[in-house]
Number of protein chains: 2
Amino acid sequence: MSSRTDPRTADMADAGHDQATPARLRSLPSRLLSLTALHADRLVSEGLAGADARKWHYAVLVTLREFGPASQAVLSRRTGIYRSDLVAVINELADRGLVERAPDPADRRRNVITMTSQGRRRLGRLDELLATIQDDLLAPLTQPERDQLTRLLTRLLDHHAQAAPQRTGDQPS
Amino acid sequence: MSSRTDPRTADMADAGHDQATPARLRSLPSRLLSLTALHADRLVSEGLAGADARKWHYAVLVTLREFGPASQAVLSRRTGIYRSDLVAVINELADRGLVERAPDPADRRRNVITMTSQGRRRLGRLDELLATIQDDLLAPLTQPERDQLTRLLTRLLDHHAQAAPQRTGDQPS
DNA sequence: CACTAACGTTCGTGGCGCTAACGAAAGTAC
DNA sequence: GTACTTTCGTTAGCGCCACGAACGTTAGTG
């Protein structure tokens, strides 16, 4: 251990703890949330990157499967991705042939986004990938504990969903 | 809801609520974590901003109180703030007279960061502020539930603390 | 017809986690 | 003592993300 540390092995990756974090910080719920979310995001991003995808891609594809073709504005509201950011996401998905962007003849302001059969296949694989990632993320927890965590987080989220919504034209999470 | 079987006619303008998020997304643990963390971070940032502080400030002050004066490198490891970012944080704290930065006579590479009495007083107020923020964040949960959440997150964090650390010179969370 | 609102798009901002590099000052090593 | 290596503080920069402003276009509404 580092009690008798050998500092010469420069790659300090050695023993675990260089220094301790104050208890006050370690038990701060907001901090715990942020750090855990960071790890989660990293796991997801890295996992999906291996499949040439990003989490936004998955969100959009899932939404298309569950609700069918939709305009970008609708997709934005359903996924929580801002309209401005969604443009690039749709571009990427279209470039990969996973969705098609076509002008809506009934309302020429809109684009109708439709999932292709290739997109459906890809989504299937992403489903599995995502599942294993979640499993990896929640590895140390039993199934009841995972459910409990999900319930707790959902309640927090629902509770805080009320207030905020004074927006200008976009929709948050 | 969109019981209207005619999705093309701008059905979203009608009802107050916008659109539903797919179940698959709503129950994704990684997503729940990210969104909850987003809300938490926002609460913390806004709350602290009202007191002319940022979360980094709090982290550093707490660490100084718990372990006493330390070099920036040590503070970096204990708080998880990168050395490069810590520079600005210490500047801000010093500008406000909450800490003092003095060269270490024993090792002239280091700066010794010391909390001032004013810093101690400020930290007291931030403690209270942070407490109310946590309370706000966890409002919908009972005390046992809050404890449970904290435990679950801590376990996730501890578990994922093993792997990652292939660092170059800095220390993450 | 004028007014308003929604849509897709572009550009920009600020914060955050993280890396790279560099001079200065130790800590070894021979 | 000279040479190599490591640590320290600092600066600059990247990439991602949540978010907002503005604009031209198109639809609805009075």
Item to check | When residues of region A:41-59 are limited to those that are within 8 Å of chain B (Cβ to nearest Cβ) and among the hydrophobic types (A, V, I, L, M, F, W, C), the one surrounded by the fewest Cβ atoms within 10 Å (Cβ to Cβ) | outcome: A:Leu43
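Please find, among A:Leu129, A:Leu138, the residue that is away from DNA strand C (no atom under 16 Å from the Cβ), hydrophobic (A, V, I, L, M, F, W, C) and more than 30 Å from B:Leu141 (Cβ to Cβ). Steps first, answer last, please.
Working: A:Leu138 fails: more than 30 Å from B:Leu141 (Cβ to Cβ).
Step by step, each of A:Leu129, A:Leu138 is checked, and only A:Leu129 is away from DNA strand C (no atom under 16 Å from the Cβ), hydrophobic (A, V, I, L, M, F, W, C) and more than 30 Å from B:Leu141 (Cβ to Cβ).
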Checklist entry - Of all the residues that make up region B:37-59, how many are within 16 Å of DNA strand D (Cβ to nearest atom), over 18 Å from B:Ile81 (Cα atoms) and out of contact with any Ser or Thr (no Cβ under 9 Å at 6 or more places or on another chain)? => result 3
Checklist entry - If a residue has to be within 20 Å of B:Arg120 (Cβ to Cβ) and near DNA strand D (Cβ under 8 Å from one of its atoms) to count, how many in region B:72-85 make the cut? => result 3
Next on the checklist: Here are the criteria: (1) within 16 Å of DNA strand C (Cβ to nearest atom); (2) within 14 Å of chain A (Cβ to nearest Cβ). Tell me which single one B:Asp158 does not satisfy.
Outcome noted: (1)
Next on the checklist: If B:Leu35 satisfies all but one of (1) in contact with a Lys or Arg (Cβ under 9 Å, 6 or more places away or on another chain); (2) within 22 Å of B:Leu153 (Cβ to Cβ); (3) facing another protein chain (nearest Cβ under 8 Å), what's the number of the condition it fails?
Outcome noted: (1)
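Against the definition (open to solvent by less than 40 Å² (accessible area, probe 1.4 Å), facing chain B (nearest Cβ under 10 Å) and modelled with pLDDT of 95 or more), how does A:Leu149 come out, yes or no? It would help to see each step written out before you state the result.
Values: open to solvent by less than 40 Å² (accessible area, probe 1.4 Å): yes; facing chain B (nearest Cβ under 10 Å): yes; modelled with pLDDT of 95 or more: yes.
Yes.
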Next on the checklist: For region A:20-40, which positions are open to solvent by 30 Å² or more (accessible area, probe 1.4 Å) and either assigned to a loop (DSSP other than H, G, I, E, B) or more than 22 Å from B:Leu25 (Cα to Cα) (or both)?
Outcome noted: A:Ala20, A:Ala23, A:Arg24, A:Arg26, A:Ser27, A:Arg31
Checklist outcome for this item: Checked region A:26-49 for anything more than 12 Å from DNA strand C (Cβ to nearest atom) and over 15 Å from the mean Cα position of the chain (by Cα); matches are A:Arg26, A:Ser27, A:Leu28, A:Pro29, A:Leu32
Next on the checklist: Residues that are out of contact with any Asp or Glu (no Cβ under 9 Å at 6 or more places or on another chain) and of a type in the set (Ser, Thr, Tyr): does region A:66-77 have at least one?
Outcome noted: no
Next on the checklist: Looking for something at the interface with chain A (Cβ under 7 Å from one of its Cβ atoms) and modelled with pLDDT of 95 or more - is there at least one such residue anywhere in region B:98-108?
Outcome noted: no
Next on the checklist: Every residue in region B:60-71 that is open to solvent by 10 Å² or more (accessible area, probe 1.4 Å), within 16 Å of DNA strand D (Cβ to nearest atom) and of a type outside the set (A, V, I, L, M, F, W, C), please.
Outcome noted: B:Gly68, B:Pro69, B:Ser71
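Considering each residue of region B:102-135, count those that are open to solvent by 80 Å² or more (accessible area, probe 1.4 Å) and closer than 15 Å to A:Leu28 by Cβ, and give that number. Working first, answer last.
Within region B:102-135, the first condition is being open to solvent by 80 Å² or more (accessible area, probe 1.4 Å), and the residues that meet it are B:103, B:105-106, B:108-110, B:118, B:120-121, B:125, B:128, B:132, B:135.
Narrowing further to those that are closer than 15 Å to A:Leu28 by Cβ: B:128, B:132, B:135.
The qualifying residues number 3.
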Checklist entry - Here are some conditions: (1) in contact with a Gly (Cβ under 6 Å, 6 or more places away or on another chain); (2) closer than 30 Å to B:Asp135 by Cα; (3) among the polar types (S, T, N, Q). A:Gln19 meets all but one. Which one does it not meet? => result (1)
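The values are calculated or read from the model by the stated rules, or taken from the named source; none is laboratory data. It should be emphasised that the depicted structure is a prediction, and the values quoted were computed from it without experimental measurement. Please note: Cβ atoms are built from the backbone with ideal geometry, for glycine as well, and neighbour counts cover all protein chains shown. Ligands, DNA and RNA are stripped out before the accessible areas are found, and what is left, the full protein with its side chains, is counted by its heavy atoms. Shrake-Rupley method; radii C 1.70, N 1.55, O 1.52, S 1.80 Å.
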